[in-house]
Structures are given as C-alpha cells and as structure tokens.
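Here the structure comes first, spelled out in structure tokens, and everything after it is commentary.
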Amino acid sequence: MTDVITSFRNPKVRYLRSLRQRKVREQEGRFLIEGLRIVEEALTCGAPVETLIYAPSLWVSDRAQALVDQVEPARHLVLSAELFRSLSDRDDPQGIAALVRIEDRPLTDIRPADDLLVIVAHQLRDPGNLGTMIRTADAVGASGVVVIEPSVDLYDPQTVRATMGSLFALPVIRIENETTLFDWCDTLKASGLPLLVVASSAHGTKLHFEVDYRGPVVLLMGNERYGLPDSARQKADVLVRLPMFGRATSLNVSAAMAALVYEIVRQRQGK
C-alpha cells in the first residue's frame with residue numbers, strides 16, 4: 001500500500017508546486033496535468049506519464065481507480081485531500097493528476113499526405129486560445145499543430161486544460177521562428193506535394209469560401225492583437241478573410257480558426 005503524503009514540506013510536493021512556473025517547467029522538461037478526462041487521454045495516447053498523483057478521498061467516479069490501475073504502483077504518489085487541493089487550480093478538483101515529461105517533436109513528425117491539414121499558431125498570447133485551437137484541430141482530424149515562438153506556454157495549466165486532452169492526440173510542435181516552418185513548406189512543395197499555404201487576415205484578398213481547400217493545406221493564424229506579420233503574409237500562397245456582416249470587424253482567433261477549418265472539412269467531404 002502506497003503511503004499517503006500529508007506534509008506540505010515534503011520534497012516531492014514542493015517539486016510539483018514549483019512546476020507552476022514556466023521557467024521551472026522548461027528547466028525540468030516536465031509539466032502537470034489534472035482531471036479525469038485529460039489524464040485518461042494522456043494514458044490512452046501513450047504520453048510519457050512519469051507519476052500518477054491522486055487523492056482517493058476526492059474521487060467522485062470509478063474512472064479514477066481504473067486509471068490508477070493502469071500505472072504500476074512504483075509511479076504512484078498519493079496525497080491527502082488538503083495537499084492535492086493546494087496543488088490544484090480548480091475549484092472542485094477530481095483528485096487525480098499526472099506528471100508528464102515534455103517531448104519536443106520535430107516538424108518531420110507531421111507526415112506529408114494528400115489530406116494534410118496543419119494549423120499554425122503564430123505567437124499567440126492567450127492560453128485559452130491556444131488550447132482551444134489544439135482541441136479544434138483534433139476535432140477536425142488535423143495532421144498537427146505548429147506553435148511559433150515566442151508564444152504563450154504550451155504547457156501552462158490553462159493551455160493544457162483548454163485542450164481537454166487533445167494535446168496528446170495529435171502532433172503539437174513548437175518551433176523557434178517562422179523560417180523553420182516555411183523551409184519545411186518549401187521542402188514539401190519541392191517534393192511534389194501541391195501544398196497551399198493559407199494566411200488568415202482581416203485584409204485578405206479573397207473570401208475564405210472562394211478558395212479550394214481539397215488539397216494539402218497549411219493554415220496560418222496570427223497573434224490576437226497584431227495578427228500575422230508581413231513576413232508571414234508574404235510567404236503565404238493566398239490571404240483569406242471571413243465576411244463580417246455586423247458591426248464586429250474581427251473574431252477571436254480561436255473562433256476564426258474554427259470557422260476556417262470547418263469550411264475546409266466541408267469542402268473535403270464534398271458537401
């Protein structure tokens with residue numbers, strides 16, 4: 001039986017608490033996830049879960065025990081309810097979390113295909129937006145998501161929670177600059193893939209619905225305040241905009257991305 005940790009001074013607990021800071025996550029190469037759904041997705045998708053952290057007295061579902069049973073006891077960390085709440089950023093913690101190793105993946109993990117769909121998040125600043133975009137990309141069966149730095153932290157608790165587990169369901173790749181992305185796009189084009197690089201812009205030269213998306217697509221989404229820089233717009237094959245019929249002149253970036261990708265899905269399904 002694994003001992004229950006009750007002391008706030010326990011070194012393992014202090015370590016977990018330190019992971020609230022981005023610089024510590026980056027130094028340690030680890031981050032925390034919390035909640036039944038996201039822990040379940042991490043285990044199902046084969047994410048590098050190092051430690052399962054839980055407080056049985058907070059469980060409200062048999063699903064938690066089922067998750068615990070999937071991980072060998074040597075990787076368990078059992079906390080009192082009070083200690084678990086101190087680590088949680090939720091009002092009603094479900095009593096289960098996990099320590100996950102960060103795996104930085106290369107762009108080549110996204111495989112070229114005739115139905116390629118890559119979403120690029122260019123220097124976003126809001127964790128909810130980035131997390132929601134990853135979740136939407138998963139929902140439409142995208143090939144992957146590319147995050148161009150500097151950006152909000154992919155492993156910020158708010159970002160991770162907004163993905164609802166989709167962070168582990170498809171390749172999500174961080175790159176240092178847009179040059180890396182466009183070099184990769186050029187390589188794919190040179191190999192014969194008829195890739196279309198699309199930039200979303202309020203000043204787009206075409207309405208979104210006028211473009212043929214039935215081939216491979218890379219979709220660029222810009223920063224919440226400034227949009228895409230000129231350098232990215234110039235490298236795109238086409239600039240598209242969504243029509244605005246009311247007084248609003250733009251959409252939240254995650255809402256715009258959803259509208260854009262579902263038009264791509266519609267076209268590819270031939271409807």
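The values are calculated or read from the model by the stated rules, or taken from the named source; none is laboratory data. No experiment lies behind these values; they were computed from the predicted model shown. Positions of Cβ are generated from backbone atoms using ideal geometry, with glycine treated the same way; all protein chains shown enter the neighbour counts.
Just a few scattered comments:
- Residue in region 186-196 that is touching a Phe, Trp or Tyr at 6+ places or on another chain (Cβ under 8 Å), assigned to a strand (DSSP E or B) and modelled with pLDDT of 95 or more present: yes
- Count of residues meeting criterion [within 20 Å of GLY95 (Cβ to Cβ) and part of a helix (DSSP H, G or I)] in region 15-27: 3
- Region 202-224 residues that are without any contact (Cβ under 8 Å) to a residue 40 or more places away in the chain and farther than 25 Å from GLY270 by Cβ, paired with ones that are not in a loop (DSSP other than H, G, I, E, B) and not aliphatic (A, V, I, L, M) (beta carbon under 9 Å, 6 or more apart): HIS203/GLY227; HIS203/ARG233; HIS203/ARG241; THR205/ARG241
- Hits in region 51-69 (condition: closer than 22 Å to PHE31 by Cβ and either surrounded by fewer than 13 Cβ atoms within 10 Å (Cβ to Cβ) or among the hydroxyl-bearing types (Ser, Thr, Tyr) (or both)): THR51, TYR54
- Considering residues of region 251-271 that are part of a loop (DSSP other than H, G, I, E, B) and over 23 Å from the mean Cα position of the chain (by Cα) only, the residue farthest from ASP114 (Cα to Cα): LYS271
- Selected residue [among the hydrophobic types (A, V, I, L, M, F, W, C), at pLDDT below 95 and in a helix (DSSP H, G or I)] from ALA42, ALA74: ALA74
- Taken together, GLU103, GLU28 contain a single residue that is among the acidic types (Asp, Glu), free of Cβ contacts under 8 Å to residues at least 60 places away in the same chain and farther than 30 Å from ALA190 by Cα, which is GLU28.
- Only listed residue being touching a Cys at 6+ places or on another chain (Cβ under 8 Å) and buried (at least 20 other Cβ atoms within 10 Å of the Cβ), chosen from LEU167, LEU124, LEU154, LEU195: LEU195
- LEU130 being buried (at least 23 other Cβ atoms within 10 Å of the Cβ) and either in the same structural domain as ILE38 (by TED's automatic domain parsing) or closer than 21 Å to LYS23 by Cβ (or both): yes
- Residues being in a helix (DSSP H, G or I) and touching a Ser or Thr at 6+ places or on another chain (Cβ under 7 Å) - total across region 143-178: 2
- Selection from region 84-118 of residues that are part of a helix (DSSP H, G or I) and farther than 24 Å from GLN27 by Cα: ARG85, THR108
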